[in-house]
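Just below is one structure, and these are the notes that go with it.
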Amino acid sequence: MAAVPQEQQPTPERFFNTVNAYQQTEAMKAAIELEIFAAIAEGCTTAAAIASRCQAAERGVRILCDFLTIHGYLTKDGVHYGLAPDSALFLNRHSPAYVGTAIEFLLTPRLREAHARLAEAVREGGSALGEGTLEPENPDWVKFACAMMPLMYRPSEILAAELANGGEAHKVLDISAGHGIFGISVAKQNPTAHIYASDWKNVLEVAQKNALGMGVADRYHLLPGSAFETDFGSGYDLVLIPNFLHHFDLPTCTAFMRKVHAAMRPGGRAAIVDLVPNPDRVTPPTAAAFSLMMLASTPSGDAYTFAELERISQDAGFARAELAPPEIGIDRLVIAFR
């Protein structure tokens, strides 16, 4: 007869691990700064070899690498460390998909302070830092533009390919362009497309450099200023709205989408790229948990479900909205049809 499984007893382990979870952030930051992942990729697989390559103490490297192994970023066989598949692809500085630069934005002092004051944000229902990340000409968005492009490079290619299936777009508006990679990828996919990039002037300087480096500068046009105040013009076949709406409340999003609708030609498409939780708001975990970042860092932002994005679009005058099947990295694509 099979043994009856014992009921698992309550344990404080999850509390202990959660309270100490900041250690994972600091360990990742240290590993990227020390180039631990690159060292292992280069063939330095023991603590001593990694320490020599990274100019660090062997004891420190051994403890850090064991910690990274515990959390799944490294493997360990005897005294030899290896890279887990996602670490090899995304955290090895030599990989074309390297995303380690993202810490320059995700760990800015302003964002960290916002989360350190989370209890205040919960009491108030919005960021304890006033406008939070939404301050005009916020220099952290320049850091975003410089640091986050590698994280968005592959998703932008997926997006451009998916949108190309719906027909060519000759005049394209890129809202909150940041690094510009979403509009640039569309331009590379379609040689006749002209991109009109909207963002703060200091941020657009980064996007313009990227457009030049990727060979589309002659078709890349700048619309500096607040997206709520800038005159977009008219006649757009396609409007890109990547990771923008989540910063604002539903009425603000609806009003903004009305402005987008007015700038488009009949039959045009608005491509909303965002983290989209399921209706239960707790799955999938990454998209659902993003609401907490918006609570900490904005006065009224949120992670919106497809039903909410659909209602925003319809209330703004769009004929219909569809949740496209491909995942755009950790984001989803919602297409609103004019």
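The values are calculated or read from the model by the stated rules, or taken from the named source; none is laboratory data. These figures come from a predicted structure and were not determined experimentally. Ideal geometry is used to build each Cβ from the backbone, glycine not excepted, and the neighbour counts take in all protein chains shown. Note: areas computed on protein heavy atoms with side chains; ligands, DNA, RNA excluded. Shrake-Rupley method; radii C 1.70, N 1.55, O 1.52, S 1.80 Å.
Structural remarks
- Label selected from (1) 63, 49, 48; (2) 74, 52, 33; (3) 52, 48, 39, the criterion being Cα extents along the principal axes in Å as computed here: (1)
- Protection proxy ranking of 162-173, 15-26, by the mean of other Cβ atoms within 10 Å over each peptide's residues and highest first, is 162-173, 15-26.
- Taking 25 Å as the straight-line reach from the Cα of Lys29, the lysines in range (excluding those fewer than 8 positions away in the same chain) are Lys76, Lys143.
- Placed amide H near Met264: partners under 5 Å, 5+ positions off or other chain: Gly235, Tyr236
- When the helices of the chain are scored as -39500 (n - 2.57) per DSSP H run of n ≥ 4 and the total is divided over every residue, the value at 222 nm lands at -13500 deg cm²/dmol.
- Since only His80, Pro150, Ala193 are under comparison, the one whose Cα sits farthest along the positive direction of the charge dipole of the chain, derived from C-beta charges on Lys, Arg, Asp and Glu, is Ala193.
- Interchain or long-range residues, amide H under 5 Å from Leu333's placed H: Ala324, Ile328
- Amide hydrogen proximity for Tyr81: with H placed 1.01 Å from N in the peptide plane, the residues at 5 or more positions away or on another chain lying under 5 Å are Thr46.
- Largest mean-square fluctuation among Arg110, Arg123, Arg311, in a Gaussian network model of the chain whose springs join Cα atoms under 10 Å apart, belongs to Arg123.
- In summary, the aspartates and glutamates within cross-link reach of Lys209, defined as a Cα separation below 20 angstrom excluding same-chain residues under 8 places away, comprise Glu104, Glu137, Asp140, Glu157, Asp174, Asp199, Asp218.
- Rounded, prolate or oblate (a/c below 1.5 giving rounded, otherwise prolate when a/b exceeds b/c) for the stretch 112-191 by Cα gyration tensor: prolate
- Shown here for the stretch 199-277: chymotrypsin sites (Phe, Trp or Tyr not before Pro) in loop regions (DSSP other than H, G, I, E, B) with at most 11 other Cβ atoms within 10 Å, namely Phe228.
- Just checking the listed ones, Thr45, Thr11, Thr101: in the Gaussian network model of the chain with Cα springs under 10 Å, the one fluctuating most is Thr11.
- Net charge dipole size for the stretch 1-66 [Lys, Arg +1 and Asp, Glu -1 on Cβ; Debye, nearest 20]: 80
- For a straight C-alpha distance cut-off of 18 angstrom, the lysines reachable from Lys171 (same-chain residues fewer than eight places away being disregarded) are Lys188, Lys259.
- Across Arg112, Arg258, the residue with the most accessible area heads the list, and the full order at a 1.4 Å probe is Arg258, Arg112.
- Taken over the Cα atoms of the stretch 1-144, the convex hull encloses 191 Å³ per residue.
- Percent accessible area from carbon and sulfur atoms, the stretch 124-248, protein chains only, probe 1.4 Å: 54
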